[in-house]
1. Please work out how much length the chain gains when fully extended from residue 132 to residue 145, using 0.36 nm per residue of separation minus the C-alpha to C-alpha distance, in nm with one decimal.
2. Under 8 Å for C-alpha pairs, at least 6 residues apart: give me the relative contact order for the range 1-146, rounded to a whole percent.
3. Quick check: Cα centre of the range 7-31 to Cα centre of the range 222-260, how many Å?
4. Report, in degrees rounded to the nearest 10, the 0 to 90 angle that the Cα long axis of helix 114-127 makes with the longest principal axis of the chain.
5. Which of 58, 122, 169 ends up with the largest GNM mean-square fluctuation for the chain, with Cα atoms connected below 10 Å?
6. So if I take the centroid of the Cα atoms in the range 198-219 and the same for the range 97-147, what is the distance between those two points in Å?
7. Could you check which residue among 100, 211, 139 shows the biggest mean-square fluctuation in a GNM of the chain with a 10 Å Cα cutoff?
8. May I ask what percent, to the nearest 5, of DSSP beta bridges between residues of the chain are antiparallel?
């Protein structure tokens, strides 16, 4: 078989024909460019945050000055009892301002050159056909017949989750889905449990399609499975967490779009 000839499988996991993919999966692996692009994408989504400029300063506290045998910190006004003479306004006092608070005007945007983005995307696409990189990412591909995994366009028209699960099983992906399901049931350690991220979210199969004819709704409840249109594909989909080699299913129409 030619290096550019890749088998296409039907929904039952049987090879139906071979397709010439050209140089789509022949790009050089560039982990440095992939990491830079993914981190820039995440930073560009970050929302600026900061404190109220008057936080900790809404007080009439004044220093007593010298000659009273007390530190010259601003103190809450009132009688000279212990509770009324507490410090205020300055850092390290109860209710005082922070020393170096985050600045809400900070610019988190990071620019990446257009050619760098293209190189990162091409490199990340090529890694989906590299068995060593896919396995090193933790995916279970013992039953997968061939990488890159290309499936007929019938996959795009599946309407039920049960049909998608059955297709994934026929393609040898059931063990990887089971691993993602176990991962998504793990409770996170630490205070993240109290901040809206109780469970860890694992990544399993990425399905790249040319047209959405029902597959998105059918697969949206499968743990770790992501569905993306090929014209919306970016490096972060292919290399979550900057780690390239995600287990990916390509439909025939998606491959034709990339080849053109």
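Just so you know, all these numbers are worked out from the coordinates, no wet-lab data involved. Here the structure is a predicted model, which means the values were calculated and not measured. Cβ coordinates were reconstructed from backbone atoms using ideal geometry, including for glycine residues, and neighbour counts include every protein chain displayed.
1. 3.2 nm
2. Reported relative contact order: 26 percent.
3. For the range 7-31 versus the range 222-260, the Cα centre distance is 13 Å.
4. Approximately 60 degrees, to the nearest 10.
5. Evaluated over the chain, the most mobile residue of the options is 58.
6. 18 Å
7. 100
8. 40 percent
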